[in-house]
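A quick write-up on the structure given underneath.
The values are calculated or read from the model by the stated rules, or taken from the named source; none is laboratory data. Predicted model only: the values in this text are computed from it and were never measured. Cβ placement follows ideal geometry from the backbone for every residue including glycine, while neighbour counts extend to all protein chains displayed.
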Amino acid sequence: RAAMPRPPAQIESLADARAACALCTRCDLCHAATQSVFGEGPEDAPLMIVGEQPGDHEDLAGRPFVGPAGQVLDRAMADAGLDRAGAWMTNAVKHFKFVPRGKRRLHQNPDAGEIAACRWWLDLERQFVRPRLTIALGASAARALTGKGNGLTARRGRVEQTPSGPVLISWHPSLILRRSDPAAAEQALAELTEDLRLVSQMLG
Ligand code: URA
């Protein structure tokens, strides 16, 4: 019988953190998800981008932001002059939360307890990468990074100071995909792009 993989005894690098996260049972989401999706990017990235959690595509691929929301984000980043390859891309929650519906798996928002349990991994990523600036995409990322769960309308487009550095809050790209009114979707995309342009200027 193959030996069970064991977590590293000590976490001394992002590679150790990734290996330990693959075995995470800090909350119940590990049971139904295919795998954990740890962050990726340059280990000294000046910019960290934090989404909510892996979606269906990310859960299968094991990489963040590779599905439809990732494509929206890629487009907004390119329009804002930001290079995705230069950023550490990750999520507030590392396992996909869903309910099965026939052959589909419907995304569910993580709750405050799941976000709090997964902060362990996000904090490690922040300690190792030490970005100059972090972008929180959507309410779950904003909660994980600032500790505050209040609504985003008044907070978007602004930088909040946190003990682990400045955090700019913006819309989650999947909001753009969910808006049924095309004008509202267009506006949310324009605002996300505007926020990313500000980030591009701040990082110079
Ligand atoms: N949505 C997220 O928040 N993160 C991903 O990685 C994909 C979709």
Any hit, the range 17-28, residues being out of contact with any Lys or Arg (no Cβ under 7 Å at 6 or more places or on another chain), more than 9 Å from the ligand (Cβ to nearest atom) and within 27 Å of Ala190 (Cβ to Cβ)
no
I need every pair where a residue in the range 182-193 that is within 15 Å of Thr153 (Cβ to Cβ) has its Cβ under 9 Å from the Cβ of a residue that is of a type in the set (Lys, Arg) and part of a helix (DSSP H, G or I), sequence separation at least 6 or different chains.
none
State whether one or more residues within the range 72-91 are within 12 Å of the ligand (Cβ to nearest atom), touching a Gly at 6+ places or on another chain (Cβ under 7 Å) and assigned to a loop (DSSP other than H, G, I, E, B).
no
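I'd like the full set of residues that are charged (D, E, K, R) and either within 25 Å of Ala190 (Cα to Cα) or at pLDDT below 95 (or both), limited to the range 59-99.
The first filter runs over the range 59-99 and keeps only residues charged (D, E, K, R), leaving 59, 63, 74-75, 79, 83-84, 94, 97.
Correct list: Asp74, Arg75, Asp79, Asp83, Arg84.
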For the range 35-55, pairs from a residue that is over 20 Å from Thr25 (Cβ atoms) and touching a residue at least 24 places away in the same chain (Cβ under 8 Å) to a residue that is in a loop (DSSP other than H, G, I, E, B) and within 9 Å of the ligand (Cβ to nearest atom), with Cβ under 6 Å and 6 or more apart or across chains, are Val50/Ala92; Glu52/Ala92; Gly55/Gly67
Lone qualifier among Gly157, Gly151 - being surrounded by 15 or more Cβ atoms within 10 Å (Cβ to Cβ) and more than 16 Å from the ligand (Cβ to nearest atom):
Gly157
Return only the number of the condition from (1) surrounded by 14 or more Cβ atoms within 10 Å (Cβ to Cβ); (2) free of Cβ contacts under 8 Å to residues at least 24 places away in the same chain that Arg26 does not satisfy.
(2)
